[in-house]
Amino acid sequence: MVFFAMPGAIQVSGDTAEGRCHVREIARIEGKVMNFAARYFDDLVRHDGRWRFARRTYAMNIAE
C-alpha cells in the first residue's frame, strides 16, 4: 500500500480543534491495483497540554 496525505486545514478554538485532510491510497487487493481518494475529518481535544483525537471520520470519495 502507498499512502499520500495532502496539505489539510486545522481550526483551533481554545482546547478543541477541527481538522481535515485529503488522502490518496494505492493498494493491491487480490492481485488488482486499486486507487482510493478520501478525506479525514478530525475532532481534537487538548488535555494536559497534549492534543488527542476525540473523533476521526473517514469519507471515501473515489474507489476504482
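The values are calculated or read from the model by the stated rules, or taken from the named source; none is laboratory data. Note that the structure is a prediction, hence the values are computed from the model and not measured. We place every Cβ from the backbone using ideal geometry, glycine too, and count neighbours over all the protein chains shown.
Points to keep in mind about this one:
- Residues that are touching a Ser or Thr at 6+ places or on another chain (Cβ under 6 Å), aliphatic (A, V, I, L, M) and at pLDDT 95 or above do occur in segment 44-52.
- Close pairs from segment 15-43: first at pLDDT 95 or above, partner surrounded by 13 or more Cβ atoms within 10 Å (Cβ to Cβ) and outside any strand (DSSP E or B), Cβ under 9 Å, at least 6 apart: G19/G8; R20/G8; C21/G8; H22/G8; R39/G8; Y40/G8; D42/G8
- Close pairs (7 angstrom Cβ cut-off, 6 or more residues apart or separate chains): in a strand (DSSP E or B) in segment 49-64, of a type in the set (D, E) anywhere: F53/D42; A54/D43; R55/D43; R56/D42
- If you go through segment 15-31 and keep only what is out of contact with any Lys or Arg (no Cβ under 8 Å at 6 or more places or on another chain) and closer than 21 Å to R52 by Cα, you end up with E18, G19.
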